[in-house]
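The values are calculated or read from the model by the stated rules, or taken from the named source; none is laboratory data. All of these numbers come straight from a predicted model, not from anything done at the bench. Backbone-built Cβ (ideal geometry, glycine too); neighbour counts: all protein chains shown. The accessibility values were calculated without ligands, DNA or RNA, using every heavy atom of the protein model including side chains. Shrake-Rupley method; radii C 1.70, N 1.55, O 1.52, S 1.80 Å.
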Amino acid sequence: MKRHKYGYLVAGVAVLGLFLAGCHSTQSSSSATSQPKATHTAKKANPVDQVFKPLSQKVSEDAGTLTNGGEETYSQFYKKAGYWHWRLSSKARGTIAAGKILAVKQTSKTDNHSYSMPGYTLSMQSQSGEKYQLKLKYLDFSGIGYSVKTSYENINGNYLTCDTATNGDWVTGAPTKLKAQWLETNFEKNVDDSTNKEPLLKRTFATDGTQMNSSLLMYDNQHKLVNSGSGGGVNQDLKYKQIGQQTYVLKSYSGATQAARETPNLVKIQVLGEKKD
């Protein structure tokens, strides 16, 4: 890999960090009149809304799960009359499946150490009143990709929130500014260390424009590097899509077979700036 003159500060490899800047207001006082203080009660976030709002755009099916001769389907979660709904459609068949979400049960939580993704079981009711269950699971930590699976109409597909009509096409390779190795995390606890010889680790992420790679760097308690290993397998067919100012999504597959292409490797990256080596 060529070494570049400039490096880039990257946020959000695997998980895009969202930083909220606090808004500080100032109060002015007056001796002329006394106004009653307004009381504002913070509205609690609806956990169900938090699950589905990021998935509320109509998105197309990823190439790895296309069936019926390459038929492209579209998935969308939307809110109507106080309930969240889901619809699957295609240009050829119109609405394939739809339903109102009656209940949501979380089946798995995000765990960066074991790479477990958030998952949910949705209790659904079709437009004709038929009850069925829909399995919803994230494909990556940033929530760019999700899968839906149900025996109702035999649906099993992957969908990416960046695959909307306005987000453009995928481009082969990766932008030049991302062709380097990045530190994905700072020191974190190595939960797989049973000997206490490698209690700390760091994760790195890299791309050379043809594939994505990740590594694990293991350290002792004195922060001395004692071991390293691969954090990901061989992948290919790397593509990228720019979804915002200095924000990119990288996508690759673990192989050429249908099974290997069913679940894409996804990384969302935001370039915060550049600095000299």
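Solvent-accessible surface of the stretch 153-277, averaged per residue with a 1.4 angstrom probe and all protein chains in place: 55 square angstrom.
In plain terms, the chain from residue 246 to residue 221 could stretch by 5.4 nm, reckoned as 0.36 nm per residue minus the Cα-Cα distance. The alpha carbons of the stretch 175-238 occupy a box of 38, 21, 15 Å along the principal axes, longest dimension given first. Please grab the % of Cα pairs in the stretch 123-277 that end up more than 26 Å from each other. So the pairs more than 26 Å apart make up 43 percent of the total in the stretch 123-277.
In a fully extended conformation the segment linking residue 56 and residue 258 would gain 69.9 nm over its present Cα-Cα distance, using 0.36 nm per residue.
Surface composition of the stretch 76-149: carbon plus sulfur atoms contribute 45% of the solvent-accessible area (1.4 Å probe, protein chains only, all chains present).
For the stretch 220-259, the Kirkwood radius over C-alpha pairs fed into Stokes-Einstein at 20 °C and 1.002 mPa s yields D = 158 µm² per second.
The lysine pair count for the stretch 135-235, using Cα distances under 29 Å and pairs eight or more places apart or on different chains, is 13. Of the peptides 251-264, 92-105, the ranking by mean beta-carbon count within 10 Å, highest at the top, reads 251-264, 92-105.
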